[in-house]
Amino acid sequence: MMTKDPIDKLLDDAASGKSLFKNREVLHFTFMPDIVLHRDDEQKKVTQSLIPLLKKSRPSNLLIYGKPGTGKTLVVKKVLNKIQERVKDGSFPIQLLYANAKEETTLYGLLVKFGRQLGLVSQKELPTTGLSISEVFNRLMTVIEKNTLNTVFVVDEIDYLAELVSKTGKDVFYSLTRANERLKKGSLTLIGISNDLTFKERLDPRVLSSLSEEEIVFTNYTVNQIKEILTERIKQAFIPNVLDPAALNLCAAMSGQEHGDARRAIDLLRVAGEIAEREQADMVREDHIRGASLKMEEDKETTALNSYPLHEKLLILAVMKANGSTTGEIYQSYKNLCKTTRQKELTQRRVTQMLSEIEMTGLISGKIIHQGMHGRTKKFALTLNPETVKKAFKEDLVLEDLL
């Protein structure tokens with residue numbers, strides 16, 4: 001009997017609708033479930049702090065903390081949606097704006113994103129570059145005032161904004177938190193969502209006191225809570241009985257023990273489902289969950305590696321080639337790589353600085369070695385599998401000869 005062509009088999013299965021998934025979207029992080037499990041207290045607190053909007057007055061600024069994947073964005077969006085539904089009549093116009101500071105690389109970009117949502121759509125009204133930050137801010141204020149809008153600005157992953165706010169931005173960030181003092185009509189409430197509890201220490205004390213008029217902390221989910229969250233999603237995402245209960249337990253345990261991250265658990269399920277489907281398995285089993293976990297780790301590292309500019313990539317390769325060597329030896333290796341690729345080398349001082357920056361991301365690790373009379377030096381080594389680095393850098397045409 002002839003075996004079926006592998007391409008035909010995959011295409012036939014796809015055409016006949018043989019899929020383990022019923023609705024993949026349910027396992028995407030943007031999906032809004034009808035019921036947010038194990039977050040009743042947090043939902044109450046967020047709602048209470050925003051209730052003034054229904055009473056036609058301004059809520060306090062609000063700061064929400066919690067580790068990644070603890071439901072912060074989900075709860076805020078759900079509460080705001082419900083409030084929006086109730087004020088459709090327009091006698092007290094409410095406008096809810098959302099931006100993620102991690103996706104915007106500058107404070108300017110973040111303010112423009114809010115401006116677009118306020119209706120400043122054309123380049124003339126609000127150019128993507130070229131104005132001072134305070135001018136962008138003034139234009140937002142003008143729209144709010146002109147239309148008597150009661151706005152809520154949600155800044156997700158606001159800890160990234162703390163990094164972006166330079167000297168010039170500090171004052172605007174402060175103005176944003178105190179915007180109501182200058183608005184004669186309309187209002188502005190700021191909701192900051194942060195994955196990092198220590199980020200308050202990096203904020204200007206003035207900004208902090210006006211930003212955190214109210215604070216809510218989201219605790220980590222337990223393994224059992226994650227299991228219940230996954231069980232709900234599984235009902236909607238997969239066809240019945242294709243998820244091995246042992247796989248569900250493993251998935252909850254892997255995400256729960258690390259840091260109670262439900263989003264990671266949901267991602268893990270989705271990737272495991274895709275792996276199982278590709279293997280044409282009839283069920284998602286424990287080994288699919290393990291495979292998904294490895295794949296996600298690798299993808300995360302590859303993405304991180306690919307996002308580096310060329311000289312950082314050359315430096316990572318230099319560390320790889322001179323593994324466990326001192327800063328001086330690595331610099332020598334980096335200079336050789338620059339010659340081979342015909343790049344103008346950077347100074348040793350800049351390269352030492354870059355090594356520290358890359359070390360902070362955990363892709364390389366440094367160890368201080370005492371050399372007696374000769375003082376101390378630092379030795380660096382790669383923390384990743386060299387194959388991962390090669391695979392990631394293969395795409396870069398300048399580097400392909402080196403690999």
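The values are calculated or read from the model by the stated rules, or taken from the named source; none is laboratory data. The model shown is predicted, which means the values in this text are computed figures rather than measured ones. Counting neighbours? That spans all protein chains shown, and the Cβs are built from the backbone with ideal geometry, glycine included.
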Unmet requirement for residue 43, which otherwise passes all of (1) at positive phi; (2) surrounded by 16 or more Cβ atoms within 10 Å (Cβ to Cβ):
(1)
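Report whether or not residue 294 is aliphatic (A, V, I, L, M), assigned to a helix (DSSP H, G or I), surrounded by fewer than 19 Cβ atoms within 10 Å (Cβ to Cβ) and under 23 Å from the mean Cα position of the chain (by Cα).
yes
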In this structure, is residue 201 without any contact (Cβ under 8 Å) to a residue 24 or more places away in the chain, within 23 Å of the chain's Cα centre (by Cα) and not assigned by TED's automatic domain parsing to the domain that holds residue 264?
yes
Determine which single condition residue 211 fails, assuming it passes every other condition in (1) in contact with a Phe, Trp or Tyr (Cβ under 9 Å, 6 or more places away or on another chain); (2) more than 17 Å from residue 46 (Cα to Cα); (3) not β-branched (Val, Ile, Thr).
(2)
Selection from the range 51-62 of residues outside any loop (DSSP other than H, G, I, E, B) and either crowded, with 22+ Cβ neighbours inside 10 Å or at pLDDT below 90 (or both) yields 53, 62
Before we move on, is residue 63 of a type in the set (A, V, I, L, M, F, W, C), assigned by TED's automatic domain parsing to the domain that holds residue 172 and under 19 Å from residue 43 (Cα atoms)?
yes
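Quick grid of which residues meet (1) free of Cβ contacts under 8 Å to residues at least 24 places away in the same chain; (2) more than 18 Å from residue 265 (Cα to Cα):
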| residue | (1), (2) |
| --- | --- |
| 34 | yes, yes |
| 38 | no, no |
| 43 | no, yes |
| 48 | yes, yes |
| 53 | no, yes |
| 56 | no, yes |
| 65 | no, yes |
Kindly indicate the residue of the range 130-147 that is under 29 Å from the mean Cα position of the chain (by Cα) and hydroxyl-bearing (Ser, Thr, Tyr) and also nearest to residue 174 (Cα to Cα) among those meeting that condition.
134
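Look at residue 106 and say whether it is buried (at least 19 other Cβ atoms within 10 Å of the Cβ) and in the same structural domain as residue 54 (by TED's automatic domain parsing).
No: the conditions fail for residue 106.
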For the range 234-269, enumerate the residues that are modelled with pLDDT under 95, in a helix (DSSP H, G or I), surrounded by fewer than 21 Cβ atoms within 10 Å (Cβ to Cβ) and in contact with a Leu (Cβ under 8 Å, 6 or more places away or on another chain).
254, 267
